[in-house]
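Notes follow the structure.
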Amino acid sequence: MRRSSRYIAFAALAPVVLSVAGCGGEPAVRGLDSPDVTIAPAVDAVYSVGVLDGAQWEMFGRIGSVAFDADGTLFILDSDAGHVVVIDPEGEFVRTISNKGEGPGELRFPSSLIVFRDGRIGVRDFGNQGIAIFNREGQFLENVKIDPDGSSPSGQLHAMPDHSLVAASSRMSFSEDGTLDREEGRPISRFGLDGTSTLFHEAWAGPPKTETRTDEAEAGNVRIQVQAGEAFPLPLRVDVLRDGRVAIVDSVGYRVKLVDETGAVVSTLERPVPAVAVTPVIEAAERERRLAALESGGGGGSGGGGIMTVSITATVGAGRGGNPLDSEAMQEAMRKMREDQIGDLRFPEEMPVITNMAVDWSDRIWVQRSALPGETGPIDLLDADGRYFGTLAPDGLRIPRAFGPGGLLAYIDRDDLDIQRVRVVRLAGDQLLESGDTP
């Protein structure tokens, strides 16, 4: 574990926002139609965990997800180890939760974490087709099944105030001839801890798609069918505000929908930022970027939304003792399939303006805008009332993997030896905005 109190010397968030002032020096926060105002928030380094050689818990295999609870405790899901590492607010190790296995409370193929408002921890586990629920002390409580024949989360799960979960979802099945069937549309579903799921909101599906091709990769008893690749896909980002409203990004333009707990749209946040037309030069650059990422060991995807949707069919007993996707034959088959998909990418007429969105613990909405292939887009900070706090430059602070209370941000880094570390920082001046001191 590396600890530091080193100050990162940027201009602090609060003074920069306050410098956008009205008459008489009164602080002012601009509206969404304002020109970009660049801000560079200061952050204090809090702690870092993850080492090449050390205790078993801190030698991470593959960090699948991180999340904070209300007192700043950090939970780190190591998907390879099949356990959750618990770190206290001072950066000290507390315990691990669960382990790899097939028994009650054990995890087979865990992918992501949810921290509920009552302190319980949920781990989505593909191996058990559900969500394993633990208390803060790590005791296993129950496994909530997600019906494989019904709606299944296809994005990050977010906890609502009533402890139900919302996420982008999909309904997929295999027909009698073995082809992949997927229902049309882009539903956002609400999943109850009683195992039920209901449609929460129907996201905009975009223009009709004429391409229905699927590609296959097969090795041993595992087959993967992948939908035709699409560059710059429509975003579908979902996050929850403290009062239960849900922020949704689902369109080409700069538009953040706010829906109430019934899924009805109650307001829309928009900025006059135009979409970028996709030219042949942009198409070539995007293919080149994806091929380079594939050659360097990445997936060749877009990062924000990926180029494919995967469904796996395996015979009984497949994958026991290890992940069936990790076999050398399957990895090679998938690599070849991705190469073919990159060559056959579909391109829209325009790039969506927004590529990512998240809500922090102060209910600020972080909106990342798109950029040309290989570049990074700026991030706007807004609130649900339509106030615009400013824009983070492309080389500045990024949307973290997890937000925490009091301005905590958690990032997952890799060093030159491919060692994963979780780096936790705190926004300086965060409380000025959180308490509503800026009008």
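The values are calculated or read from the model by the stated rules, or taken from the named source; none is laboratory data. Keep in mind it's a predicted model, so treat the numbers as computed, not measured. Methodologically, a virtual Cβ is constructed for each residue, glycine included, from the backbone with ideal geometry; neighbour enumeration extends over all protein chains shown.
Below, the figures for the structure above:
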{"quantity": "Region 349-373 - residue that is among the small types (Gly, Ala, Ser) and assigned to a loop (DSSP other than H, G, I, E, B) and, of those, surrounded by the most Cβ atoms within 10 Å (Cβ to Cβ)", "calculated": "Ser370"}
{"quantity": "The listed residue being over 23 Å from Ile188 (Cβ atoms), modelled with pLDDT under 90, of a type outside the set (D, E, K, R) and assigned to a helix (DSSP H, G or I), out of Leu291, Leu325", "calculated": "Leu325"}
{"quantity": "Residue that is farthest from Asp118 (Cα to Cα), among those in region 159-181 that are at pLDDT below 90 and crowded, with 16+ Cβ neighbours inside 10 Å", "calculated": "Leu180"}
{"quantity": "Search result, residues across region 261-272 that are among the β-branched types (Val, Ile, Thr) and crowded, with 17+ Cβ neighbours inside 10 Å", "calculated": "none"}
{"quantity": "Qualifying positions in region 96-116 - touching a residue at least 24 places away in the same chain (Cβ under 8 Å), in contact with a strand residue (DSSP E or B) (Cβ under 7 Å, 6 or more places away or on another chain) and surrounded by fewer than 14 Cβ atoms within 10 Å (Cβ to Cβ)", "calculated": "Pro104"}
{"quantity": "Candidates Gly82, Gly54, Gly122, filtered to the one that is within 27 Å of Arg426 (Cβ to Cβ) and crowded, with 21+ Cβ neighbours inside 10 Å", "calculated": "Gly122"}
{"quantity": "Looking only at region 328-348, and only at residues there that are part of a helix (DSSP H, G or I) and acidic (Asp, Glu), the one that is surrounded by the fewest Cβ atoms within 10 Å (Cβ to Cβ)", "calculated": "Glu328"}
{"quantity": "Residue in region 110-123 that is small (Gly, Ala, Ser), within 27 Å of Arg423 (Cβ to Cβ) and in contact with a helix residue (DSSP H, G or I) (Cβ under 9 Å, 6 or more places away or on another chain) present", "calculated": "yes"}
{"quantity": "Exclusive hit being at pLDDT 95 or above, buried (at least 17 other Cβ atoms within 10 Å of the Cβ), closer than 30 Å to Leu382 by Cα and touching a strand residue (DSSP E or B) at 6+ places or on another chain (Cβ under 7 Å), set Phe60, Phe75", "calculated": "Phe75"}
{"quantity": "Answer residue from region 37-51, given it is part of a loop (DSSP other than H, G, I, E, B) and modelled with pLDDT of 95 or more and is nearest to Pro394 (Cα to Cα) among those", "calculated": "Gly50"}
{"quantity": "Selection from region 69-85 of residues that are of a type outside the set (Asp, Glu) and over 18 Å from Ile131 (Cα atoms)", "calculated": "Ala70, Gly72, Thr73, Leu74"}
{"quantity": "Residue in region 145-156 that is crowded, with 19+ Cβ neighbours inside 10 Å, in contact (Cβ under 8 Å) with a residue 40 or more places away in the chain, under 21 Å from the mean Cα position of the chain (by Cα) and under 15 Å from Phe75 (Cβ atoms) present", "calculated": "yes"}
{"quantity": "Unique match (being at pLDDT below 95 and more than 25 Å from Ala231 (Cβ to Cβ)) among Ala333, Ala318", "calculated": "Ala318"}
{"quantity": "Candidate set: region 381-415, residues that are of a type in the set (D, E, K, R) and outside any strand (DSSP E or B); chosen: the one nearest to Val51 (Cα to Cα)", "calculated": "Asp415"}
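Residues are listed down the side, and each one gets a yes or a no for (1) touching a strand residue (DSSP E or B) at 6+ places or on another chain (Cβ under 9 Å); (2) closer than 27 Å to Leu74 by Cα; (3) at pLDDT 95 or above; (4) small (Gly, Ala, Ser):
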{"position": "Glu339", "(1), (2), (3), (4)": "no, no, no, no"}
{"position": "Arg346", "(1), (2), (3), (4)": "yes, no, no, no"}
{"position": "Ile365", "(1), (2), (3), (4)": "yes, yes, yes, no"}
{"position": "Gly390", "(1), (2), (3), (4)": "yes, no, no, yes"}
